[in-house]
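Structure record follows, encoded as structure tokens.
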Amino acid sequence: MFKRTGGAEGYIEEYTNKPGFCTSVLVLPGLSLIHSGVLGIASLLMLLYLFLGIAIVADIFVEAIEVITSKKVVIQVPDPAHPEKMLDVTRDVWNPTVANLTLMALGSSMPEILLSCFSTVSDLEGVPSELGPAAIVGSAAFNLFVITAVSITAVTQVKYINDMAVFLWTCVASTFAYIWFFFVLASGFTPDEVTLTEAIATIVFFLVLVIVAYCFDRRTNFQYR
């Protein structure tokens, strides 16, 4: 097989008995001539190195979000025993439920979000690959099954759900998210295509999730006062 790669100062011709050449932008001319086993090991090592870098960046990002969400503010409220006096009370700036559904979710899902964005932006005029949907489904499934199982088995004491209403609502929303994802990409009005209307509807559904979860959280806190 023959391939010619042009450049500013000429071109490079490659000949090989392999079924084809790798057309990735990361593979320099001539590397395709190396033995497939060597290329496989080198690619695996490079992939592990990139995973390590993503893990470090994601960890720093999550730590920064934890600092933001842990910020507190001091406000003055009337003293129940002496209404004429004011007491200093420390409260969270961010609601914990809203922070978990927005900032913390963004931090933990940032690698697959960036991967999907890069995959789309790299070829705006072409047909998007299946990398984005596969990364989203794979990450969600991993978090739902593996992370949940590890979190349960990692502790010895019994854990309780503090806010059952928020927990049930997020379960319903997660199930609906999978159904909506399948509807948009596989069996909707435009299979294999995401329209602007479907994209806007997805954002609206997320806002509904956050707002309803916040209302349930406020309701639970009001009941336990």
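Take the residues of the stretch 186-220 that are out of contact with any Ser or Thr (no Cβ under 7 Å at 6 or more places or on another chain) and of a type in the set (Phe, Trp, Tyr): which is farthest from ILE161 (Cα to Cα)? Working first, answer last.
At the first step, the residues of the stretch 186-220 found to be out of contact with any Ser or Thr (no Cβ under 7 Å at 6 or more places or on another chain) are 186-209, 211-212, 215-216, 218-220.
Pick out the ones that are also of a type in the set (Phe, Trp, Tyr) and you get 189, 205-206, 216.
On the way: PHE189: 39, PHE205: 24, PHE206: 23, PHE216: 14 Å.
Top of the filtered list is PHE189.
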**Prompt:** Pick from VAL208, VAL172, VAL155: which is without any contact (Cβ under 8 Å) to a residue 60 or more places away in the chain and either farther than 30 Å from ASP92 by Cβ or not in a helix (DSSP H, G or I) (or both)?
**Reply:** VAL155
**Asked** Is it the case that the stretch 127-137 has a residue that's touching a residue at least 12 places away in the same chain (Cβ under 8 Å), surrounded by 11 or more Cβ atoms within 10 Å (Cβ to Cβ), of a type in the set (Val, Ile, Thr) and closer than 24 Å to THR220 by Cβ?
**Response** no
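Residue-by-condition table, conditions (1) under 21 Å from the mean Cα position of the chain (by Cα); (2) of a type in the set (A, V, I, L, M):
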| residue | (1), (2) |
| --- | --- |
| VAL137 | yes, yes |
| ALA141 | yes, yes |
| ILE147 | yes, yes |
| ASN162 | no, no |
| TRP180 | yes, no |
| PHE189 | no, no |
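Could you go through the stretch 147-154 and let me know if any residue there is surrounded by 10 or more Cβ atoms within 10 Å (Cβ to Cβ), β-branched (Val, Ile, Thr) and out of contact with any Asp or Glu (no Cβ under 8 Å at 6 or more places or on another chain).
yes
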**Prompt:** Restricting the search to the stretch 184-205, which residues are more than 20 Å from THR120 (Cβ to Cβ), part of a helix (DSSP H, G or I) and hydrophobic (A, V, I, L, M, F, W, C)?
**Reply:** VAL204, PHE205
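Only the coordinates and a few stated rules stand behind these numbers; no lab work does. Everything numeric in this text was worked out from a predicted model, so none of it was measured. Ideal geometry is used to build each Cβ from the backbone, glycine not excepted, and the neighbour counts take in all protein chains shown.
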